[in-house]
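Participant: Submitted below is the structure of interest, expressed as structure tokens.
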Amino acid sequence: MAVPPAAAAAAAAASTGGPTTTEDRRPNPCQTAFEKFLDGLAAIGTGTRSAFTATGDCISRTAYPLKESCVDFADRMSGGYKEDHTRGGGQRSNVAHFEGKEGTATGS
């Protein structure tokens, strides 16, 4: 009569003095410490990911309104200045001056 493989493995373990069932096996202290270390790394990684996700959501919700308010402020400020004839009309020294086709500075 043939012996089932599980029974043969249990008999071999019993004859060598090894554990016969999974309940008899106790984890090694190094294995336990390493598993705790990995659990700690997983907790740190989860917390870091959550923090970065929340920060990214906050930035994406606030960046566009901030940009728009800056553009609106710049538009309001530039509307108060008169830009016509703000530079002196005279030739500046040590600056190259090019003549256009018709002999004018702008070429028109």
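Participant: For L41, what charge total do you get from the other residues with a beta carbon under 14 Å from its beta carbon, if Lys and Arg give +1 and Asp and Glu give -1?
Facilitator: It works out to a net charge of 0.
Participant: Summing +1 for each Lys or Arg and -1 for each Asp or Glu, what net charge is found among the other residues whose Cβ lies under 15 Å from the Cβ of P29?
Facilitator: +2
Participant: By how many nm would the segment from C30 to A43 lengthen if fully extended, with 0.36 nm per residue of separation less the alpha-carbon distance?
Facilitator: Values: separation 13, 0.36 × 13 = 4.68 nm, distance 1.99 nm.
Stretched fully, the C30-A43 segment lengthens by 2.7 nm.
Participant: Same structure, new question: Full extension from L66 to A51: what is 0.36 nm times the residue separation minus their Cα-Cα distance, to one decimal in nm?
Facilitator: That works out to 3.2 nm of additional length.
Readers should treat all values here as calculations from the given coordinates under stated rules, not as data from a laboratory. Computed from a predicted model, the values in this text were never measured in an experiment. Cβ atoms come from the backbone with ideal geometry, glycine included; neighbour counts cover every protein chain shown.
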